[in-house]
Every structure is written in structure tokens, then in C-alpha cells.
1. Shape call for the stretch 325-406 from the C-alpha gyration tensor, a ≥ b ≥ c root eigenvalues: rounded (a/c under 1.5), prolate (a/b greater than b/c) or oblate?
2. Can you tell me the FRET efficiency between residue 302 and residue 106 if r is taken as the Cβ-Cβ distance and R0 is 35 Å, rounded to the nearest 0.05?
3. Over what distance in Å are the Cα centres of the stretch 20-52 and the stretch 432-480 separated?
4. Sticking with the crude label model, points 7 Å out along Cα→Cβ, report the distance from residue 413 to residue 71 in nm, one decimal please.
5. Does the chain come out rounded, prolate or oblate by the C-alpha gyration tensor, with a ≥ b ≥ c the root eigenvalues, rounded set by a/c under 1.5 and, if not, prolate when a/b is larger than b/c and oblate if not?
6. What is the order of 270, 574, fewest Cβ neighbours within 10 Å to most?
7. How far, in nm, would the chain grow between residue 621 and residue 178 when pulled straight, counting 0.36 nm per residue and subtracting the alpha carbon separation?
8. In nm, give the distance between the simple-model label positions of residue 605 and residue 337, each being 7 Å from the Cα along the Cα-to-Cβ direction.
Ligand code: IVH
């Protein structure tokens, strides 16, 4: 392809992908399948890497581009990011309306909007391209979280329509409830502590080091305010329409209100309506619509006089704590659950509340038989937010965390620095065995859906399964005899037997098919604490086989990006247990794959065989990870620090001077990204 052709093709793909993104994430319209979208995105990525000079600013390939960042630079806001004054009563709103009318007269109109419970963000666009995203901070300066914000698909990287050369817009980043629940489910499966509420975890997510993890969480963003008037708009309502025309996600749930009654109507509608929203709101914002009047009203030091927030009272109920139960999860993490006297809350009957962990029980100072306040947040299970101490029985004992596992009686343990208690009896505690079996057969792991959770439980209860290796010892005879057939008639008996025959054959073929899955799936399926899907993939790609992974030192493990001490220690502890060695040996015998095969890797060559590389600095064509991957795919080895044995120092921009000096001193060859590409003919 010539450069001119490439330019045309890049422009076409960029535009198309931008349209698909905008339609999907802002307008909720799906115009293309995920698969076709990915193909187009890959095509564009390929062209851009072949012709890096032709990549457009704000290209759709740049959403998860940035390298992990340790610090977030502090940035001064051009226009201060103010807060809103709060109100909790009808009277407060009436007073606000009176104050406003006194200054600007009775022509005033209001816009009522939802008050999103998230994290405020300021976006700056230069020539239509997202240049910087900054948190509120103290209102005068905040943190630059641009790389993480770029992963939010509803935020345009490039504006549409008629945009000014420079533009600032404000909005709220939030965690959609279904994604919040998805992430918590994943965390639970990985043996990690679940997040307590969507707002705090959205805020924590924005400060994460790895934009890939941020992208995985699927944050979203509504825009609601321009600090200055663009496009000569005269009202806030028009400003929001203009924002929508630029490609921003602007809520449709806003109303133009002419008087206080219309404001209350909006408030009352959402007081109940909010429970049906796919995200959390904590109130309503009322803004003067006419920008001229906003200017007349101006600001106090902290907030505009032209707007007010009406905060909903959190729906809360008081009820009695009947008992505290302890549940043991797949990974052995023990979760306390409060059993309550049933009480009505936000339209449902609440009987249980999550207590999360021992720290929360202590912080609440929870006693048996206490009368507690429960609130409904983003989660399905409500939480205890306080205690009515005036009703406490003075003789009541403090709630203490279980000392032994309620399922198997083992003493519970707590890892330093973690809030969760674990049952250490990984291989003999019934819910942990069942949980591990269920995880092993699950869709994301070995995908043996012909088995299913119910059947696994039955097989376990019948003594046919003690661990995951036993799955592959199941045969036709052991499975077919499981349920007793109680024949009503001969005909029905025949039918039942034939159905069972089919189901058993399905299970066996499901098990057989699972043997074709790659090492990374098997590794994930083993259900080692803290080894989620992504980590399993990384470990498999780096260490290539279970034997090499087993022999890896903590240092070698933590050299990998995203693998910290917690994961490394969990792995090495797991491998130390002889029972786990036996499981691996048995699974190997059954034909499961415990290594990455050379032929799986199409890029693979031997060009770098026997050569060791230290990669340092920032590169133009590839991310550091991509470079490391290329080194390995071509037979080379990545090492962490320069020594006399190092063959090459692959030096990018901004690399540490100490490394460079050491390489020079030891005579290690220093090569550029370009030279590296030539070495592997890329
Ligand atoms: S307007 C100058 N509109 O609530 C005023 N804020 O408690 C700009 N918020 O700092 C803010 N939804 O983070 C505005 N529809 C909305 C909002 C909203 C949520 C947040 C925002 C603000 C905080 C005040």
C-alpha cells in the first residue's frame, strides 16, 4: 500500500470507528457486531504502526495506549472547579428560588438534572482532540488522569461538529451498577475483597496505574457544565444540546422548569424513579437556565449562587440484628452476613445485609441484638450503616468474627495487610472443594457446560469428586448409575433412561473437548488465589509451562508487570503443597495441556535465540510490553537489570541515566527501537 492509499484508508477507518463508538456508547445504538468492530480496529492499528506518521490525533486505537503511570501530575484548573451548595428540604429550595428571583427577577427559568454520584472531572479539548482530563482536587488544582479517562468509551477522543479551538467541559465519571457488580463478582472469584460502593471505587479506579485495568472496569461519564459559553449559546439547556452535538454523553433526564411546582414534580419523580436507574444518583441539581442571569448571580467562594443541589435522604430502615452468619467462598475467604428481622426498604423486603469484613464489624461496634440502620446502595444486598445505640441491651456481647471455619472447623487465618479472613483448609473444606470444581468447569475456565453446578454438587455429594483431577476419571458407568430411576410406567422409564444416556454422553464429550484448551485456561481453571484470567494469561505467555512456572522465583514472578508480591506469594505457596503437585500430575495424565506450544505462536522465530535484553524507556512504535513480547516470541529473553551477561540494552526515550551508564561501562550493546525492529525483520 502506498502512503497516499494508507492515508485515505486510515482516515476512512478512523471516521467509521469513531461513528460506531459514538453510536454505541453515547446513543446506545449498535450498528456493527463486536467482532467486525474489532477487525476494523485491528486493521487501523496495523496501518498506523506501519505508517506512524499518519495516525490521526485522537485515533480510536489510542484509548488504552498509555503506559502504566506511578504518579499523577498536579494541574491547575483554568476555571476553578466549584462544588454545589446542598439542601435537604422543600423549604431550602423555596428559599433558593426567592434569593434568585430577588436578583434576576421573575423571568427566571430552571433546569433540573440528576445529581450523579461519582467523581467530578474536567476535560480540556484542543483543536477538538482530548488533551487533558483533571480531577477536581481542591477546586484549584487536581490530578491529571488523562490516560485513564481516555479508556472511557463515551468520552470522545475527538469532537464532532462545530467545535471551538479550545474547549473545557465538566462532568461526572461513574461506575454503572452492572459493571460494578461484574467487577465485584470477579473480585470474589479471584479471592479479592469486594468494593463497598460504586462512587469510591470509581474514584479509586481513576487513580489506578494501569489504564488496561481501568478500561476493563467500564466506567462511564455524563457531561453537565461548560465553565464558559461556547457557540454563543444563551442558556444552560442550549449549552447541553450543543454539548450533545459535539459527541458528549448528555443525560436526557433533564427538565426545563418555569416555577417551583415543576421543580418539585421533577424531584418527586426521581425520588422513587432513581431506583430504576442503571447508575447511582444522590439528588437533583437545580440550575438557573439563562446564562446572563447566572452571571448576575455569580459565585460565592465555594459554589455558584445560580445552582443548588437537593440531596435525597438515603433510604434507610431500622431493624433488629438477629444473628451474624459466616459464608465461605471458593477461595476460602470468609464473609460475614447479618441476618435481620425482615423490613421494607426501597420497595423490597430486606432480611440480610452484607458486613464485608471484620474491620467493618469493629468500626460499627456491632453488638448482638442491636437495632441497626440499613441502607440500599448500588449493590443488591443492602448494608448496615449505623446502629441505634439507645436501644442496645447493656448486657449484649460485641459481635466477634468467627475463629473457626463454620464449614470444616479449621482455624481461620488472616494475611498481613488484608482485611479478609480465610479458611486455610483449601483442599478439604466442602464449599472450597465445590467452589473450585464449579470454577474449573465454568465458561471462562474449562467451559464444561454439560456438567453445570448442580451436577457437580451431586457428584461431590456422592463421593465421585474430591478435586478437579477426579473430573477426568468420571466414566460412563459411574455417571449413569447416579440417580435412581423410579419408573411409573415402562414407557416413562425408557424415556428417562434415554435422556440420561444422552446427558452422560454430553458430559463425557464436554470433558474430552476441554482437553483441547490452552495452558492459560488450565492455569486459570486451577483456581489459585489471586490468579484471575488476565494474570493467568500473562503467566502462561511468560513462563510457557507449568514446570517453569513452578520453578520461578518470587523475583522472576514480580518482574512481570501487574504481578505483585501478593500474587507471587500465593502462587509459590500453592505449588509447595504436594497435593497440588499430584493434581497437576493427574491432570497431565488425563491429557490436559500444561504448556504453550511453539506452533501456537505464528510470529515466532529463533532470531534472538540466546540473547538477553534489558528494555528501558518509552518507545514510539510499541509499548514496552509489546517489545518484551516480541523479544520472547523471537526466542530472546527479557531481564530486569543490566549485567555483564546482558547482550543488549534496548533504549527508548527518557530512560534512566544509571542504566545507560552501567551498560556503557560493561560494554553492553545499546540499540534503538529501529535497530531492534531490523533484528527481527518487523
Ligand atoms: S454542576 C459550578 N451538575 O455534584 C457547578 N454537578 O456536590 C458545577 N454533580 O461538584 C457542577 N451531578 O461533582 C453539576 N448534574 C450535575 C451534577 C453535578 C453531580 C456533582 C459535581 C459537583 C457536586 C456537588
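What follows draws every value from the coordinates through simple rules; no lab data is involved. In this text, all values refer to a predicted model and were calculated from it rather than measured experimentally. Here Cβ is always computed from backbone atoms with ideal geometry, including for glycine, and neighbour counts include all displayed protein chains.
1. Judged from the Cα gyration tensor, the stretch 325-406 comes out oblate (a/c at least 1.5, b/c at or above a/b).
2. Calculated transfer efficiency: 0.80.
3. If we compute the Cα centre of each part, the gap is 39 Å.
4. Each label point lies 7 Å from its Cα, and together they span 3.8 nm.
5. oblate
6. By the 10 Å Cβ count, ascending, the order reads 574, 270.
7. Contour length minus the Cα-Cα distance gives 155.9 nm.
8. So the two model labels end up 5.7 nm from each other.
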